[in-house]
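Here's the structure we're looking at; comments come further down.
The values are calculated or read from the model by the stated rules, or taken from the named source; none is laboratory data. Because the structure is a prediction, the values reported are computed rather than measured. Positions of Cβ are backbone-derived with ideal geometry, glycine not excepted, and every protein chain shown enters the neighbour counts. These accessible areas exclude ligands, DNA and RNA; they are computed on the full protein's heavy atoms, side chains included. Shrake-Rupley method; radii C 1.70, N 1.55, O 1.52, S 1.80 Å.
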Amino acid sequence: MLSRIAAFEVRYQLRAPLFAIGFALFFLLTYGAVTTDGIQIGAAGNVNVNSPYAIAQTMAIMGVFGMFIVAAFVSNVIVRDDETGVAPLVQSTRITKADYLVGRFAGAGLVAFLVLASVPLGMLVGSWMPWLDQEKVGPFIASHYLYALFVIGLPTLFVMAAGLFALATLTRSMMWTYVGLIAFLVLFVTSRVLLRDPAYDTIASLSDPFGVTALQRGTRYWTATDRNTMLPPFAGLMLYNRLIWVAVGFAFFAVAFWRFRFAMAGAAMGKAIAASKAVAAPITRRVDSRKLAAPTPASGWRQFLALTRFDMRFVFKSPAFFVLLAVGVFNTFGGMLLIVTQRGVDYFPVTRALVEVLVGAFSIIPIIIAVYYAGELVWRDHDRRMHEIVGATAAPDWAFVLPKILAIAGVLACTYLAAVATAVGFQLWHGYTRVELGNYLLWFVAPGVVVSLLLAVLSVFVQVLVPQKFIGWAAMLVYLVATVSLAAAGFEPNLSSYAGPPLVPISDMNGLGRFWIGQAWFLAYWSSFALVLAVLTYCLWRRGAEMRLAPRLRRLRLRLAGRPGVILAAGLAGWIGIGAFIFWNTNVLNRYLTVKQQEAVLADYEKALLAYETVPQPRITDVKLTVDLFPREARAVTRGEYAIENRTGAALPGVHVRWNLDSRLAMTELDVEGARIEKEFADFHYRIYRFDVPMQPGERRTVRFASVLEEKGFPNARALTHIVANGSFLNNSEVSPGLGMDRRQLLSDRS
């Protein structure tokens, strides 16, 4: 019987949407940490991306986030029967208490373990990507992954599962289980801060249920070679840590077994019977047909508002929503701790710094919520076998489509506000009382909600096209992975990356400056395209029993007649018009190069000019510069004069002059006294001047120049941030030339 109960629980949990979303989330995070620099889990140092140390550290850190998944899987097995009302039926059978508890716990724990197994799987798949620097990818050794999964991950999973199982058994409430989980995490983080002193190494290592501290203490003196080749020793502090917490896990489960009552109290049984009678009682209310009114535009709006509230309640009541929100808040909290203390120096948690943490650590959560609940809302009626009844109602199609999009928008807004509340609470906790709610809204909430809403529209559109919810999720998962992978491979144009506006640099002195303008145009561009998708979603909406796509496509022309066609045309016109304006700014007014193309330019620069590195050059002995700044125009006009002197001890036949490779810098005038241009490398901003009469040792000559550094319009990325209304800062190399070939402009990162 125990095996059957466990097998039932495994089947039930595998069919639950939370398994797919949890597996995908953990897989994507670890895959991204291996394949891109934008996601970092821990600090492995200069070691291979698949080194045994990196795998073990990633598993230990992801075990902390795994608590939220464990809570959703394991804690729910006790509460679920009570909430669904089947507990009396189960307890009236011959199932024993031991079979029931052990079977349900084992089944749910196995599914949670499968989610945790996505961590080494994500690292393994990521290490196979062709664009990775192969010298930072070590050989595949299965024992490294198995060690991390079974020595680091499994004991952590067991103790967390047993603890949350016991908490759910005692409280019989998922809400209080989550409250207890958050309280534990707060105590854990606080204890890590209090035990930072090396004198507390032993107690800090043994008191860490995740094994992170024991892993760090056991490997802190390892070299890069050690971390690339050696597994962390399963001895000493690591061994004792794992044994202690496995024993604690058994103690937690014993408490749950002892406190669980495999029988309903009399009052509870009476309430259950009364509830069942109430449900079974026939409805005898008589409806007066004369009061039934024909559908009107006003009734359509009332239905629209009612459905919006209904869809929002559906999301807010979902445990998965709170699990994802808690993961994001906890991850954000960890990032905030890193910015207030660096190298022993305490800093103020200013709004700008916290917003940067929120953008980096929290923004993935609203994206997951948007994609996940788009599928849930679109397929909810079908999953409950209510789609034919709902389709037979008089409500117009737009009253079904718009509520789902707006419900997701409302939920995302609340999600971002929860992140802001976390940041504000963190500021107040550290005694920083300059709370700038307006800046949080403008810098983080507004653009974040728009981007997430754009993804929600795309997700709803995809779910309307596909025949099954899970296919829609898979399509969006492929899209998200492809977005990360293509960016890593050098495909970076925001014009072709859906919902991909450029990041806006934030300054404590200058706020958003002028840099929000480009982001606003990109958001308007993709919002116009999202409007087109929303109209197509409306026209292709499933209604009634027809689930096939082909019949809906055939009637698309008829559905577009009238107002939908006008809205579609307006969206297309806006998308094309704004796109043309953005292209003019990013590709005509500004030169657009991807990171890969920039690296190619530097590689060609090295091939063409490295031979001149050792050519003797005169020295600059005196500088006169006049720089006029025009912050509103993002322009710096420079006129200058160099005095150069031959200090080489031999006559110089010529001089090499170079200037910054930035395409926004134009050298409008460049004159070397007594010399003419012998050769020019225009693509590399490099000229070779030949003296009419060789420059003798100790001789001085003059170099005169004029330049304009200017950013017109807005670029695709990497805006000119050094010229602003408040806080301009320019290096001489940005506006004035230098002499000779400069190795500092070459590629310095071997990868």
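Figures for the structure shown
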{"item": "Cα point-scatterer Debye curve for segment 548-595, base-10 log of I(q)/I(0) at q = 0.20, 0.23 Å⁻¹", "result": "-0.73, -0.82"}
{"item": "Calculated FRET value between Val125 and Ile339, using beta carbons and R₀ = 35 Å, to 0.05", "result": "0.65"}
{"item": "Whole-percent carbon and sulfur share, accessible surface of the chain, 1.4 Å", "result": "64 percent"}
{"item": "Fully extended contour minus Cα-Cα distance, from Tyr498 to Lys317, at 0.36 nm per residue", "result": "62.2 nm"}
{"item": "Extension gain, Arg196 back to Asp742 (0.36 nm per residue minus Cα-Cα distance, nm)", "result": "192.1 nm"}
{"item": "Computed over the chain, Cα set: Rg, Dmax in Å", "result": "31.8, 113"}
{"item": "Between 0 and 90°, nearest 10: helix 236-259 axis offset from the chain longest Cα axis", "result": "30 degrees"}
{"item": "Interchain or long-range residues, amide H under 5 Å from Arg542's placed H", "result": "none"}
{"item": "Convex hull volume per residue for segment 154-203, taking Cα atoms only, in Å³", "result": "83 Å³"}
{"item": "log10 of Debye I(q)/I(0), alpha-carbon scatterers only, for segment 515-581 at 0.12, 0.15, 0.18, 0.29 Å⁻¹", "result": "-0.39, -0.56, -0.70, -1.16"}
{"item": "Filter on Lys624/Lys712; Lys317/Lys404; Lys679/Lys712; Lys607/Lys679 - keep pairs with C-alpha separation over 23 Å", "result": "Lys624/Lys712; Lys679/Lys712"}
{"item": "Calculated from backbone phi, Karplus (6.51, -1.76, 1.60) coupling profile of segment 576-589 in Hz, x at Gly/Pro", "result": "5, x, 5, x, 5, 5, 5, 4, 4, 6, 8, 10, 9, 5"}
{"item": "DSSP-loop GluC sites (Glu not before Pro) across segment 586-644, with at most 13 other Cβ within 10 angstrom", "result": "Glu613"}
{"item": "Segment 498-514 - phi-based ³J(HN,Hα) in whole Hz, Karplus 6.51/-1.76/1.60, Gly and Pro as x", "result": "3, 6, x, x, x, 5, 9, x, 10, 10, 5, 8, 10, x, 7, x, 8"}
{"item": "Accessible area of the chain divided out per residue, in Å², using a probe of 1.4 angstrom", "result": "49 Å²"}
{"item": "Within the chain: Cβ-based charge dipole about Cα centre, in debye rounded to nearest 20 (Lys, Arg +1; Asp, Glu -1)", "result": "3320 debye"}
{"item": "Ratio of Rg to Rh over segment 649-722 (Cα coordinates, Kirkwood Rh, two decimals)", "result": "1.10"}
{"item": "Phi-based couplings in Hz for segment 349-361 (Karplus 6.51, -1.76, 1.60; Gly and Pro marked x)", "result": "x, 6, 4, 4, 5, 5, 5, 4, 5, 4, 5, x, 9"}
{"item": "Kirkwood Rh in Å, taken over all unlike Cα pairs in segment 102-232", "result": "17.5 Å"}
